[in-house]
Amino acid sequence: MRKPILLFLSFLLFISCNNSADKKQKTNLNYFDIKGYFEKEVARLTLKNPLITKTVSVNGATESKRIKITDWKKELTLFSDADINRASWKGLFELKNQMIRSFTHPIMKKCLLKS
């Protein structure tokens, strides 16, 4: 009689330890989908395979190199891990709606003014 009860209690303990709350928390975006953005950038940059200029500055000394990045996921991990949607950071950032002004080249302004 003890074994079935012990087995049943073990089963209850096992099913009570699911992490569905964690999954819900991860899908709730308070601000911006940083991870999703960088996943798309990794895919885009891997496909494009651009030659980039990488510059490093240490103690006023600057060094630049033109290179091709072979692992964009590794290169952008630092940024994608800086996720502002953490539950502990909720409410620490202020959201503002801003209208971006359009940019018109000076030559285009002259053409627009003439017409």
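Observations on the model:
- Potential lengthening between residue 40 and residue 94 on full extension [0.36 nm per residue; Cα-Cα distance subtracted]: 16.9 nm
- Summarising the label geometry, the points placed 7 Å from Cα in the beta-carbon direction at residue 55 and residue 87 lie 4.2 nm from one another.
- Long-range HN-HN contacts of residue 85 with modeled amide H, under 5 Å: none
- Potential lengthening between residue 64 and residue 80 on full extension [0.36 nm per residue; Cα-Cα distance subtracted]: 3.4 nm
Here, each number is a calculation from the coordinates, and none is a lab measurement. This structure is a prediction, so every number in the text was calculated from the model and none was measured. Using ideal geometry, Cβ is built from the backbone for each residue, glycine included, and neighbour counts are taken over all protein chains shown.
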